[in-house]
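Shown next, in structure tokens, is the structure this report addresses.
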Amino acid sequence: LSSGQYNLGLCYELGRGVPQDYAEAVRWYRLAADQGNADAQNNLGTCYEAGVGVPLDYKEAVRWYRLAADQESAEAQNNLGTCYASGKGVPQDYAEAVRRYRLAADQGHPFAQYNLGVCYDSGKGVPQDYVEAVHWYRLAAEQGDVDAQFNLGYFMYKGLGVKPDHKEALVWLRKASAQGSEEAKTFLSEIGE
């Protein structure tokens with residue numbers, strides 16, 4: 001029952017088969033979320049975080065993300081990590097953001113893998129470690145994450161965390177460029193490619 005309610009919420013959110021109606025999406029998500037549906041809980045969190053169908057409320061977003069994350073939802077773990085990294089609805093805490101990203105990344109979530117790479121790249125929540133950054137960027141890039149593809153290509157070109165490999169760097173930079181990455185297009189232009 002809750003999966004049907006979740007799916008109906010998704011239809012209203014995306015305007016699939018029905019007119020797009022965020023308030024109606026929220027109504028269906030809440031019905032499913034109240035029954036413990038982790039996907040609905042996560043989506044309800046995103047509605048509160050974005051202020052669509054409900055008033056913007058970061059604390060309420062965090063509450064729903066946490067309920068879904070407690071059920072090992074990778075999407076919710078990543079979203080909760082982003083809240084901790086930005087200090088939305090919770091005190092800013094990069095170490096907790098990293099913990100949440102890792103829980104999702106270990107489940108194969110590409111955005112969490114990318115976010116974990118950024119943490120290692122910048123040294124936020126963990127010691128700066130380009131080798132670890134490259135590891136996580138590669139995992140996300142292999143799943144098609146455009147930002148990870150750019151970062152991986154850039155790191156390979158510059159030899160950050162890996163031996164410089166211009167040939168493989170260009171493969172990743174071109175993939176990112178083909179997906180519309182302006183950073184990749186600019187960098188390829190700067191290096192004459």
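Accessible area per residue, 1.4 Å probe, Å², for the chain: what's the number?
Working: 9410 Å² over 193 residues.
Counting only protein heavy atoms, the per-residue value for the chain is 49 Å².
For Gln128 and Ser189, FRET efficiency with R0 = 35 Å and r from the beta-carbon atoms, rounded to 0.05?
Values: r = 28 Å, r/R0 = 0.81.
Computed FRET efficiency for Ser189 and Gln128 comes out at 0.80.
Rank these by accessible area, largest first, 1.4 Å probe: Glu183, Glu96. Don't skip to the answer; put the middle values down first.
Details: Glu183 105, Glu96 35 Å².
The residues order as Glu183, Glu96, largest area first.
Could you pull out the pairs from Lys59/Lys175; Lys59/Lys185; Lys88/Lys167; Lys124/Lys163 whose alpha carbons sit more than 31 Å apart here? Can you show the working numbers first?
Details: Lys59/Lys175 37 Å; Lys59/Lys185 38 Å; Lys88/Lys167 40 Å; Lys124/Lys163 24 Å.
Distance filter (> 31 Å) returns Lys59/Lys175; Lys59/Lys185; Lys88/Lys167.
Can you pull the accessible area of Phe150 for me, 1.4 Å probe, Å² to the nearest 10?
Looks like 20 Å² after rounding.
Given an 8 Å cut-off on Cα distances and at least 6 residues of separation, report the relative contact order of the range 130-193 as a percent. It would help to have the intermediate numbers written out before the result.
Numbers: 82 pairs, mean separation 17.4, N = 64.
So the answer I get is 27 percent.
Mind checking the angle between helix 2-14 and the chain's longest principal axis? C-alpha axes, 0 to 90 degrees, to the nearest 10.
70
Would the range 132-193 count as rounded, prolate or oblate if I go by the C-alpha gyration tensor, calling it rounded below 1.5 in a/c and otherwise prolate when a/b exceeds b/c, oblate otherwise?
On the way: a/c = 2.03, a/b = 1.14, b/c = 1.78.
Oblate, because a/c is 1.5 or more while a/b does not exceed b/c.
By a straight-distance test (C-alpha under 17 Å), which aspartates and glutamates pair with Lys158 as possible cross-link partners, with residues fewer than eight away in the same chain excluded?
The qualifying aspartates and glutamates are Asp121, Asp129, Glu132, Asp147, Glu168, Glu183, Glu190, Glu193.
Please list Lys163, Lys88, Lys59, Lys175 from largest to smallest accessible area, probe radius 1.4 Å, with all protein chains kept in place. Can you show the working numbers first?
Numbers: Lys163 170, Lys88 70, Lys59 145, Lys175 95 Å².
Sorted descending by solvent-accessible area, the residues read Lys163, Lys59, Lys175, Lys88.
Nearest 10 degrees, 0 to 90: what angle lies between the long axis of helix 58-69 and the longest principal axis of the chain (Cα atoms)?
In the chain, helix 58-69 runs at an angle near 80 degrees to the longest axis.
Could you tell me what a quarter of the Cα convex hull surface of the chain works out to, in nm² with one decimal place?
On the way: hull surface 46.6 nm².
Over all viewing directions, the chain projects a mean Cα-hull area of 11.6 nm².
What's the carbon and sulfur percent of the chain's accessible surface, probe 1.4 angstrom, rounded to a whole number?
Values: 4720 of 9410 Å².
The value for the chain is 50 percent carbon and sulfur by accessible area.
Per the helix-only calculation at 222 nm, which mean residue ellipticity applies to the chain, given -39500 (n - 2.57) for every DSSP H run of n ≥ 4 and division by its residues, nearest 500 deg cm²/dmol?
Numbers: 11 runs with 136 residues, N = 193.
One gets -22000 deg cm²/dmol as the mean residue ellipticity at 222 nm.
Can you give me the C-alpha center-to-center distance between the range 71-88 and the range 134-178, rounded to a whole angstrom?
If you average the Cα positions of each part, the centres end up 25 Å apart.
Keeping all protein chains in place and using 1.4 angstrom, which order do Cys83, Cys11 fall into by accessible surface area, from largest down?
Numbers: Cys83 0, Cys11 45 Å².
Ranking Cys83, Cys11 by accessible area, largest first, yields Cys11, Cys83.
Is the shape of the range 1-99 rounded, prolate or oblate, going by the alpha carbon gyration tensor and its root eigenvalues a ≥ b ≥ c, with a/c under 1.5 for rounded and a/b larger than b/c for prolate?
Values: a/c = 2.51, a/b = 1.70, b/c = 1.48.
It is prolate, given that a/c is not under 1.5 and a/b is the larger ratio.
The values are calculated or read from the model by the stated rules, or taken from the named source; none is laboratory data. Note that the structure is predicted; figures quoted are calculated from it, not measured. Because the Cβ atoms are built from the backbone with ideal geometry, glycine has one as well, and the counts that use them run over all protein chains shown. With ligands, DNA and RNA removed, areas are computed over all heavy atoms of the protein, side chains included. Shrake-Rupley method; radii C 1.70, N 1.55, O 1.52, S 1.80 Å.
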